[in-house]
Amino acid sequence: MITETQDRPVEKKELVELQFRPKTSGTIPRGLTLLAVVIIVVILAVIMGNIIWGGIGTVSWKFLTHPPEQGMEAGGIFPAIFGTVALVFLMVIAVVPIGVLTAIYLHEYTSPTSKMTRFIRVAINNLAGVPSIVFGLFGLGFFIGFIGGGLDSLFYSGEGPVWGQPAIIWASLTLALLTLPVVIVSTEEALRTIPPELREASYALGGTKLQTIWRIVIPQAMPGVLTGSILAVSRGAGEVAPIMFTGAAYYLPYLPGKLNDQFMELGYHIYVMATQSPDVEATKPLLYGTVLVLLALTFALNSIAIVIRSRMRKNRVGT
Amino acid sequence: MQELKFKPKSRLREFLGEKLISVNAYIALLAIFLIFAFVFKEAIPIFTDGAVQQEASLEKMTFKQEFRAGREARWSWQPNSDIPKFSLWPLFLGTIKAAIIAMLFAMPLGIGAAVYSSEFADRRLREFIKPVIEILAAIPSVVLGFFALMVLATFLQNVLGLTFRLNALNAGIALGLAVIPIVFTVAEDAMTSVPGSLRDAATALGANPWQVSLTTVLPAATPGIAAGVVLGFGRAVGETMIVLMASGNAAIVSASMLDSVRTFSATIAAELAEVVFGSTHYTVLFFIGALLFVFTFLINLGGDMILARLKQRLQGKTS
């Protein structure tokens, strides 16, 4: 082989194509791409600075613990905070078990190449890409119209809508569907970090598959489950489009007490105050305060998730 | 040792456990199917119901209509006027216009930052860039919409001397901020997954680091970057709250990016709450939702397929 290539005269054309121009330092591509990074960082800084600057003066203990007053031009946002917390709490109860079990099925029970697994994966990926407003339409058509309406006609005929109307349970189930891919993806990532030796050790001790999953795999995957749940909460707390028709209300004089009550929510409250207020200047401080609270909540949740995840990744490197 | 002992195996329990877990996995699949079914179900009268077709047949929604005898035929979206007008053309144009502006804004920044992060940045810088993008991705869209409405719109108006604060440019830029993280993440992922052997080969041929990036890594990762752009476009088309708050929401047929636009998603969000259940207007809004669903479904499927093929090719080359 070697002699052959040596014997063959190298054509000049071939050489030219492979040659790189010397002495081009690459300053221009480096500078241009760095500029893109700088612009993104500056934009982010401007957004954060503007919101913190505008909102920090408004956020006080009273603001966080009192209901809106004078047609939302004064007072606080307590009902919206309460509604958001209740909403994501119900959502987590629905989405975490389903998401975790789905991830376990995909990772522990099926081969990654089987047709059904690939189908399910495509479905999960696509679920993540469906616009949130379409989830809202679905929530209205399926949860409120089909399930709620069905319950009403079965058990409450003649009483007017009991379940077949916008309510916190339907909004949280809609959000649960929206955040399902988040939980699945991050649980699966955790499952991949568990060394197979642990499972084999459990089998060697006589554990069945289910016992291994329940007592070895799930406890080991807890950081991933936690990360997924937190990210889902952060995502769910910020989404407005899916809950506009499925349960969120402009203003309510009472807090939601039953599953079929409507509720106020931070993101929706921002939308309402920003676009429907008769006097934007008067509501501006409250508006900025609400945005700051929502943003702080979202970032706090995300930071916790990032810390847990990076710890989990370090553990994997260690093993 | 006591604690390590497993209880005697129960076949029934194993069987039921596996079934319970597998049933969950099908929920994602079922959800996609149900979303499709229930959003379409409400849109079906467009194809079957004569009364609905009188006002909004496929033909009437697509082509110019002469709404009053003798007046010029035009495209118009005025669902609440005496003669309801359901032309989808202005909405389609608005959606595309906002999405294209968003992509023109997000593509250079997202791809540029991805190239810098994967090719030029040292480890410490990269560990700064990635969280910045994650923070940007974590900002709820209602907050971006709020920022565009309150700050960006005023800024653009002053700089460009505009008559209208809320327009396609304003909405497009804000939309771009939501798209940047998607473009960045997918593109960066594609570039870092280019195998080291390719880089080594180019270096051995005398390329300096940025030449390696430009002539070897970028071409190899191009499908991945394209997938990032495609997925970003899907997000831009489906995003609701940003355009709802920042675009001005006037359904105008015009090519200018300084005119107000009304997008598909914002139309659903703004109008569905006030619509009579089962009316023509209601049906048309669900039809729009179905269009959005199908469009984003195809976009996501396409993006995933490109990425899967790229992964296969890059891994194939290393072996």
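The values are calculated or read from the model by the stated rules, or taken from the named source; none is laboratory data. This one's a predicted model, so the numbers in the text were calculated from it and none came from an experiment. Ideal geometry is used to build each Cβ from the backbone, glycine not excepted, and the neighbour counts take in all protein chains shown.
Structural remarks
So that you can scan it fast, the table gives a plain yes or no per residue for (1) in contact with a strand residue (DSSP E or B) (Cβ under 8 Å, 6 or more places away or on another chain); (2) away from every other protein chain (no Cβ under 14 Å); (3) β-branched (Val, Ile, Thr); (4) assigned to a helix (DSSP H, G or I):
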site: B:VAL183; (1), (2), (3), (4): no, no, yes, yes
site: B:GLY206; (1), (2), (3), (4): no, no, no, no
site: B:VAL212; (1), (2), (3), (4): no, no, yes, yes
site: B:LEU218; (1), (2), (3), (4): no, no, no, yes
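- Of the residues in the range A:208-220, not one is buried (at least 18 other Cβ atoms within 10 Å of the Cβ), under 23 Å from A:PHE142 (Cα atoms) and either within 13 Å of chain B (Cβ to nearest Cβ) or under 24 Å from the mean Cα position of the chain (by Cα) (or both).
- Of all residues in the range A:109-127 being more than 8 Å from every other protein chain (Cβ to nearest Cβ) and assigned to a helix (DSSP H, G or I), the one that is farthest from A:GLY228 (Cα to Cα): A:LYS115
- Here B:THR222 fulfils each of the conditions (1) crowded, with 18+ Cβ neighbours inside 10 Å; (2) closer than 30 Å to B:ALA98 by Cβ apart from (1).
Yes/no matrix, rows are residues, columns are (1) touching a residue at least 40 places away in the same chain (Cβ under 8 Å); (2) of a type outside the set (Ser, Thr, Tyr); (3) more than 14 Å from chain A (Cβ to nearest Cβ):
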| residue | (1), (2), (3) |
| --- | --- |
| B:TRP77 | yes, yes, yes |
| B:ASP82 | no, yes, yes |
| B:TRP89 | yes, yes, yes |
| B:LEU93 | yes, yes, yes |
| B:ALA98 | yes, yes, no |
| B:ALA106 | yes, yes, no |
| B:GLY112 | no, yes, no |
| B:ASP122 | no, yes, no |
| B:PHE128 | no, yes, no |
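- Residues that are of a type outside the set (S, T, N, Q) and surrounded by 24 or more Cβ atoms within 10 Å (Cβ to Cβ) were ranked within the range A:183-207; the one that is nearest to B:LYS19 (Cα to Cα) is A:ILE184.
- So A:THR283, is it within 12 Å of another protein chain (Cβ to nearest Cβ), surrounded by fewer than 17 Cβ atoms within 10 Å (Cβ to Cβ), at negative phi and touching a helix residue (DSSP H, G or I) at 6+ places or on another chain (Cβ under 8 Å): no
Here is a yes/no grid of residues against (1) touching a Gly at 6+ places or on another chain (Cβ under 6 Å); (2) acidic (Asp, Glu); (3) at pLDDT 85 or above:
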position	(1), (2), (3)
B:LEU4	no, no, no
B:LEU16	no, no, yes
B:SER22	no, no, yes
B:LEU30	no, no, yes
B:ILE44	no, no, yes
B:SER57	no, no, no
B:MET61	no, no, no
B:GLU66	no, yes, no
B:GLU72	no, yes, no
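- Residue count for the range B:286-301, restricted to those that are in contact with a helix residue (DSSP H, G or I) (Cβ under 6 Å, 6 or more places away or on another chain) and either more than 8 Å from every other protein chain (Cβ to nearest Cβ) or surrounded by fewer than 18 Cβ atoms within 10 Å (Cβ to Cβ) (or both): 3.
- Across the range B:130-164, the qualifying residues are those that are crowded, with 18+ Cβ neighbours inside 10 Å and assigned to a loop (DSSP other than H, G, I, E, B), and the one among them that is nearest to the other protein chains (Cβ to nearest Cβ) is B:PRO140.
- Options A:ALA94, A:ALA86; residue that is touching a Phe, Trp or Tyr at 6+ places or on another chain (Cβ under 7 Å), surrounded by fewer than 24 Cβ atoms within 10 Å (Cβ to Cβ) and within 20 Å of A:VAL183 (Cβ to Cβ): A:ALA86
- All positions within the range A:250-277 that are in a loop (DSSP other than H, G, I, E, B) and buried (at least 18 other Cβ atoms within 10 Å of the Cβ): A:PRO256, A:ASN260, A:ASP261, A:GLN262, A:MET264, A:GLU265
- In the set B:PHE277, B:PHE286, B:PHE297, only one residue is in a loop (DSSP other than H, G, I, E, B) and aromatic (Phe, Trp, Tyr); that residue is B:PHE277.
- Listed conditions (1) under 21 Å from B:PHE38 (Cα atoms); (2) surrounded by 24 or more Cβ atoms within 10 Å (Cβ to Cβ) are all met by B:ALA270, apart from (2).
- Yes/no for A:GLY148 being touching a Gly at 6+ places or on another chain (Cβ under 7 Å), more than 7 Å from chain B (Cβ to nearest Cβ), buried (at least 16 other Cβ atoms within 10 Å of the Cβ) and not hydrophobic (A, V, I, L, M, F, W, C): yes
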